[in-house]
Structure formats: structure tokens, C-alpha cells
Amino acid sequence: MSYIKAGQDANGEDIKLHYTDQGQGAVAVLIHGWPQSHEAWTYQLGELPKHGLRVVAYTRRGFGNSSKPFEGYDYDTLADDLKAVLDTLNLQNVTLVGFSMGGEVARYMSRHGGARVAKVAFVSSVTPYLLKTDDNPDGVDKSTFDDIQENIAKDRFGFLQTFGKQFYGDGPLSNPVSQAVLDWSFGMAALGSHQATVACGHAFAETDFRPDLAGIKVPALVIHGADDKTVPIKNSADRMSQHLPHATYITYDGAPHGLFITEKDKLNHDLIAFATGADVRAGQNS
């Protein structure tokens, strides 16, 4: 396994991020969602390098085979971890792709001045700001996130199994993925530490990315599933044009949150086009 050092924890132990680096050409860095690992990008890692792309994917601290410190799950620290990846591998002119919790993309751009980055993509993203507050009336009610935390505290593994079904839109009348996919996804999530799962749940729910988005001037892509029940499109992607007006916005009709599996061919096509400079289907539903 390959690892990148991203500082030290409170006990002086190195924090190591598990990563993979495949292909040659223009660079795309893939940032996974909560509470999985970079292995979630399996269909992208298997396809994007065939199309003139060098694809780097890493696992966030606290999950998968990366180090699991007790602290450091705020977005400033997570953006610094992303910086460690880009700096250590000396990546240039990168396309950053953040899925769901991958708000590191926005925070990195503001905190580190967009160094080394040429383009950004937000897929099923929690941006611009999920939590409903007085100055964010279009957000999600706090009770939703309180329920998540209560269920994690009561039975994290039971929660992860239920969450996985919603994640992929699995239900009595719809089975877009196999039981094997659900089992694989649960296995990834179960590898995360309890503390990382809890702390990152607070981070993605409570972090306001609106100031971070305001300074992004590079080409941007927003992709979201119209039937996303995990990060509802009306609370997230539909509002991105207010903060990132130059972004290309594509919705996938009927798609759930985990569209890197359910809509893998469309997503791969759109990411390849965006990262390589080909035409992306601007403004189209698909």
C-alpha cells in the first residue's frame, strides 16, 4: 500500500493517508464521501486512466486504511491533508473532484489559494451549506442531523446498513444496485473509526462553504442526482449557481446520491470530458 504523510497526531505519531496513483496525463484527484474510502471510486479508477488521465485518489484520515487519529476532522485540517497530497506528489494543473462530503475542494481553494489546481468539480456535494440557520433558510433542519448522530451513537453498524440503502436509492420498489454492492459499501464504511464517523458527520452538516466558493474563479462543474435523498438537490446543487455562477451544472434525472455506482458511465464520461478539456453537456439533464 502507498501512503502520504499528513502531519502528526497529538501523540506525535505520523498521520498517513492511503492513496492510489494510476495512469498518465492530465491529473484528476478524487476525494471520496462520508463514511467510505477512496475504494468507492472503483469504477472511475478503472476507466478514467484509459482516457489520458493520471488519477490520484486518497482516503481521508479516520477511514479505510488511513491513520485514525482522534482529532483533525474539521475542514481546515482536511484541506491541509489535501495540500499534503498535492505537494508530496508534486501535482500540477489538477482537476479536483469532491464527492458529497468532499468540501475539501472548496476549503482548499480558499485556504491555500487554489495552488496547483486548474479545475474543480462538485459531485453530489454538500456545498454550499447544508444546515438550516437564520441566514441559510434553504438548508436542512438540524433535527435531521441530530437523528443521524443519535443513530450512530446507538448502533453505528446498523445505521451504516440503513444509510447505505438510501445512499444508492435502494428500496421496496427500486433496486439500482445489487446486495453485493450494499455489502461492499458497508464494509468500507465499517472500517472508519467511530470518532471519525461522528466528527465528520458534524463537519459536513455544519460547515458553511459559501465564503470559500466566492473566491473560486477556475472552471467548475456541478453534478447532482435529481432523486438524491442523502444530500437533497434543492438544499445543495440547486443553490450552487448563487455562489459559483460560472459553473457548468448537470443533473442526472432519477439518480440517487451514490451515482458513482448507479450512473457510473455517465459520470465517467462527464469527468473525462471536463478534465481533458472536451465539451461538457452544459445545462443538460441526463
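Our estimate of slack between LYS217 and SER178, defined as 0.36 nm per intervening residue step minus the Cα-Cα distance, is 10.0 nm. Counting only Cβ charges, +1 for Lys and Arg and -1 for Asp and Glu, the dipole size of region 96-245 around its Cα centre is about 560 debye. Within region 1-101, DSSP assigns beta bridges of which about 45% are antiparallel (rounded to the nearest 5). Carbon-plus-sulfur accessible fraction, the chain (probe radius 1.4 Å, protein heavy atoms only): 48%. Subtracting the Cα-Cα distance of GLN242 and ASP265 from 0.36 nm times their residue separation leaves 5.4 nm of extension gain.
Positive end of the dipole of the chain (Cβ unit charges, origin at the Cα centre): among SER241, SER193, ILE272, the Cα lying farthest that way belongs to ILE272. Measuring between their Cα centroids, region 125-163 and region 232-286 lie 23 Å from each other. Set Lys and Arg Cβ to +1 and Asp and Glu Cβ to -1, take the dipole of the chain about its Cα centre, and tell me which of GLY12, LEU160, PRO137 lies farthest positive. Towards the positive end, the residue furthest out is GLY12.
Probing with 1.4 Å while keeping every protein chain in the model, the per residue accessible area of the chain equals 41 Å². Charge dipole (Cα centre; +1 on Lys/Arg Cβ, -1 on Asp/Glu Cβ; no other charges) of the chain amounts to roughly 640 debye.
Equivalent ellipsoid of the chain: semi-axes from √(5λ) of the C-alpha gyration tensor, largest first, are 24, 23, 20 Å. Relative contact order, percent, of region 132-279 when contacts are C-alpha pairs under 8 Å separated by at least 6 residues? Computed over region 132-279, the figure is 24 percent. Largest first, the residues HIS269, HIS51 sort by 1.4 Å accessible area into HIS269, HIS51. Loop-located GluC sites (Glu not before Pro) in region 1-54 (DSSP state other than H, G, I, E, B) with a sparse environment of at most 11 neighbouring Cβ atoms within 10 Å: GLU13. Mean residue ellipticity, 222 nm, helices only, the chain: the sum of -39500 (n - 2.57) across DSSP H runs of n ≥ 4, divided by residue count and rounded to 500, is -10500 deg cm²/dmol.
The values are calculated or read from the model by the stated rules, or taken from the named source; none is laboratory data. Predicted model only: the values in this text are computed from it and were never measured. In this analysis, Cβ positions are derived from the backbone assuming ideal geometry, glycine residues included, and neighbour counts consider all displayed protein chains. Each accessible area value is taken on the protein alone, full model and side chains, heavy atoms only, with ligands, DNA and RNA left out. Shrake-Rupley method; radii C 1.70, N 1.55, O 1.52, S 1.80 Å.
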